[in-house]
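Presented below is the structure to which this report refers.
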Amino acid sequence: MNRRKPLRLLSLILCACLLLGAAPIYAAGITEQEAADLVFDHIYHSLYGEDVPPWDRQAVPGFEDSEVIQYFVEVALYGEYEGYRGFLMRYEEPIKYYVMGEPQGTDEEQLAFLAETLNTIDGYPGISRTWDENEADIKVMFSDEATYENYFGLNVPNGSWGYSSVWYYTDPTYLGEISDTYVWISSDAWPRQDRDSIICEEFIQGHGLLNDPTYGYYSIFDQNRNDCDWPSPLDWAVVRLLYDPRMDRKASESKIRSTAQDILNSWK
């Protein structure tokens, strides 16, 4: 899209207004720049019947594109424990998840809601529940820490209420394609809001988003909070970027950033 023409046209119209002697009027408490923005927005609405000009639209409400892209890069190209990876991880084939251990309350409903929402994402391969462990790509265990560690042969960092371990291919042909995920939700994870937040975080992270940044955003990925009991619009944007068909798992970081910008532009 050529964004220069509308701006140039509006500039010419505004200049014409000023040449004809139309004096700007500023409301109390408004700056000259804000007043100019209002004039441009009003003219744009009059010409095109839309309230928000394209240069003011946000792909994710409350965030600039640069912030969304930076967050995506940090969540998708880094691991909390492995550091910078430099390539993306994701599932490429339809997924089945299996519930193990002793889920409590609405645990299973939370997983079902997550699966239902994931299935609406463009490019996502699809997910459904199975009652056969041998069919499962994602195994979700609700248990104490020792039971999870002994069953899967893993060590969980001390003090954790949840954990997600992802297995992926390192062969250049299939680099980053996920084969299996083991998710743990602690029996001690309470109250309900915290538990739902941890279920969302670990289940979504098991899809290839393994880092926990510390930006302070309302996000399931944020390192210092468990109060986000459902993925925020920013979180879903990160998932959508990862699974968008235009995103190449093996691309360089610079290419991933430019592709992410193209995708965000298409959402506006």
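The values are calculated or read from the model by the stated rules, or taken from the named source; none is laboratory data. These numbers come from a predicted model, not from an experiment. No Cβ is skipped: glycine too gets one built from the backbone with ideal geometry, and neighbour counts run over all protein chains shown. Side chains included, ligands, DNA and RNA excluded: accessible areas come from the protein's heavy atoms. Shrake-Rupley method; radii C 1.70, N 1.55, O 1.52, S 1.80 Å.
Every listed requirement among (1) of a type outside the set (S, T, N, Q); (2) surrounded by 13 or more Cβ atoms within 10 Å (Cβ to Cβ); (3) farther than 26 Å from Leu242 by Cβ is met by Asp132 save one, (2). Among the residues of the stretch 92-111, the one identified as surrounded by 18 or more Cβ atoms within 10 Å (Cβ to Cβ) and part of a loop (DSSP other than H, G, I, E, B) is Pro103. Within the stretch 221-250, residues that are closer than 12 Å to His207 by Cβ reach partners that are open to solvent by 80 Å² or more (accessible area, probe 1.4 Å) with beta carbons closer than 8 Å, at six or more positions or on different chains, in the pairs Arg240/Asp122; Tyr243/Asp122.
Screening Arg195, Arg225 for residues that are open to solvent by less than 10 Å² (accessible area, probe 1.4 Å) and of a type in the set (D, E, K, R) leaves exactly one candidate, Arg195. The set of residues in the stretch 63-91 being assigned to a loop (DSSP other than H, G, I, E, B) and farther than 27 Å from Asn155 by Cα consists of Glu64 alone. Among all residues of the stretch 179-187, there is none that is buried (at least 20 other Cβ atoms within 10 Å of the Cβ) and either assigned to a helix (DSSP H, G or I) or of a type in the set (Asp, Glu) (or both).
Every test in (1) open to solvent by less than 10 Å² (accessible area, probe 1.4 Å); (2) in contact (Cβ under 8 Å) with a residue 40 or more places away in the chain; (3) over 14 Å from the mean Cα position of the chain (by Cα) is passed by His207 save one, and that test is (3). One residue stands out among those in the stretch 228-253 that are in a helix (DSSP H, G or I) and more than 27 Å from Asp56 (Cβ to Cβ): the one that is most open to solvent (accessible area, probe 1.4 Å), which is Glu253.
A quick yes/no check of all residues on (1) more than 19 Å from Glu74 (Cα to Cα); (2) touching a Lys or Arg at 6+ places or on another chain (Cβ under 8 Å):
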| position | (1), (2) |
| --- | --- |
| Tyr163 | no, no |
| Val166 | no, no |
| Tyr169 | yes, no |
| Gly176 | no, yes |
| Ala189 | yes, yes |
| Asp194 | yes, no |
| Ile199 | yes, no |
| Ile204 | no, no |
| Asn211 | no, no |
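In this entry, Arg257 is excluded by the filter for residues that are open to solvent by less than 30 Å² (accessible area, probe 1.4 Å), closer than 20 Å to Gly83 by Cβ and of a type in the set (D, E, K, R). Checking the condition in contact with a helix residue (DSSP H, G or I) (Cβ under 9 Å, 6 or more places away or on another chain) and open to solvent by 30 Å² or more (accessible area, probe 1.4 Å), which residue from Tyr163, Tyr124, Tyr169, Tyr151 passes? Of Tyr163, Tyr124, Tyr169, Tyr151, the one residue that is in contact with a helix residue (DSSP H, G or I) (Cβ under 9 Å, 6 or more places away or on another chain) and open to solvent by 30 Å² or more (accessible area, probe 1.4 Å) is Tyr163.
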